[in-house]
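Before any comments, here is the structure.
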Amino acid sequence: MIKKNDIYIRLLSKNDITERYLSWFKDDLVTKFLDARNLSKKEVLNYIYNGQETGSYYIYAICLKHNHLHIGNIKIGPIKRKDGISDLVTVVGDNSYWGKGIASLAIMHAVNIGFNQGGIRKFSASINSLNSASVKAYTRAGLKVEAIIKNYFYNKIDNKIIFSDKVFVGCENKNYNMVIIKDWSPFL
């Protein structure tokens, strides 16, 4: 298992958008529970810049500390500043790093940034219950299951229709001071 200090997150940059990166979003295993598939470099760059320009979301690269290898992403947002809440979305694109606890560690880093620098009061994520690894990653990172909507997702697996639940996980900033930060400059 990898430890918290073995990874770091940093803002995703245009230099990260390589063929290796784009291949993650062409891999059926990686994208099984994602809406993002078969992305072009232009689409990704536009998406990164739009988030930073509007301040509505920020995408971070998940990197290994020992060699700075970019192995996944974590997105803070969309951010609803009026309410101090944000979604959190995680993907470990390099599947050779699955099952090592990296997603949980990245979630902990992102929550720390959002709570301590971004004025976030509460994070939440919604997960397809068939994605048990993701549910486990978020709960290991300290988020709690807050709600389950039964039979929310329609899945076609091996030519069979399977309905699965939508699991909501969340965590609150216990030190939130009710100050709305309008100009959030993300990063450590």
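Applying a threshold of 6 Å to beta carbon distances and a minimum spacing of six or more residues, or different chains, the list of pairs starting in the range 108-124 at a residue that is touching a residue at least 60 places away in the same chain (Cβ under 8 Å) and ending at one that is among the aromatic types (Phe, Trp, Tyr) reads Val111/Phe123; Gly118/Trp184. The C-beta contact set for the range 147-166 (first residue free of Cβ contacts under 8 Å to residues at least 12 places away in the same chain, second residue surrounded by 12 or more Cβ atoms within 10 Å (Cβ to Cβ) and not hydrophobic (A, V, I, L, M, F, W, C), distance under 8 angstrom, 6+ apart or interchain) comprises Ile161/Asn155. Return yes when Asn95 is within 30 Å of Ile157 (Cα to Cα), touching a residue at least 24 places away in the same chain (Cβ under 8 Å) and more than 15 Å from the chain's Cα centre (by Cα) and no when it is not. Considered against the rule, which asks whether it is within 30 Å of Ile157 (Cα to Cα), touching a residue at least 24 places away in the same chain (Cβ under 8 Å) and more than 15 Å from the chain's Cα centre (by Cα), Asn95 comes out as yes. Reported count of residues in the range 36-83, each being polar (S, T, N, Q) and within 13 Å of the chain's Cα centre (by Cα), is 1.
Going by the conditions given, is Lys3 within 22 Å of Cys171 (Cβ to Cβ), open to solvent by 80 Å² or more (accessible area, probe 1.4 Å) and not aromatic (Phe, Trp, Tyr)? For Lys3, the condition - within 22 Å of Cys171 (Cβ to Cβ), open to solvent by 80 Å² or more (accessible area, probe 1.4 Å) and not aromatic (Phe, Trp, Tyr) - is met. Out of the residues in the range 69-105 that are in contact with a helix residue (DSSP H, G or I) (Cβ under 8 Å, 6 or more places away or on another chain) and more than 16 Å from Ala125 (Cβ to Cβ), state the one that is most open to solvent (accessible area, probe 1.4 Å). Within the range 69-105, the match that is most open to solvent (accessible area, probe 1.4 Å) is Trp98. Within the range 146-172, the residues that satisfy the criterion of being out of contact with any Ser or Thr (no Cβ under 6 Å at 6 or more places or on another chain), open to solvent by 30 Å² or more (accessible area, probe 1.4 Å) and of a type in the set (A, V, I, L, M, F, W, C) are Ala147, Ile148, Ile149, Ile157, Ile161, Ile162, Phe163.
The values are calculated or read from the model by the stated rules, or taken from the named source; none is laboratory data. Given the structure is predicted, the values throughout are model-derived calculations rather than measurements. Neighbour counts run over all protein chains shown; Cβ positions are idealised from the backbone, glycine included. Side chains included, ligands, DNA and RNA excluded: accessible areas come from the protein's heavy atoms. Shrake-Rupley method; radii C 1.70, N 1.55, O 1.52, S 1.80 Å.
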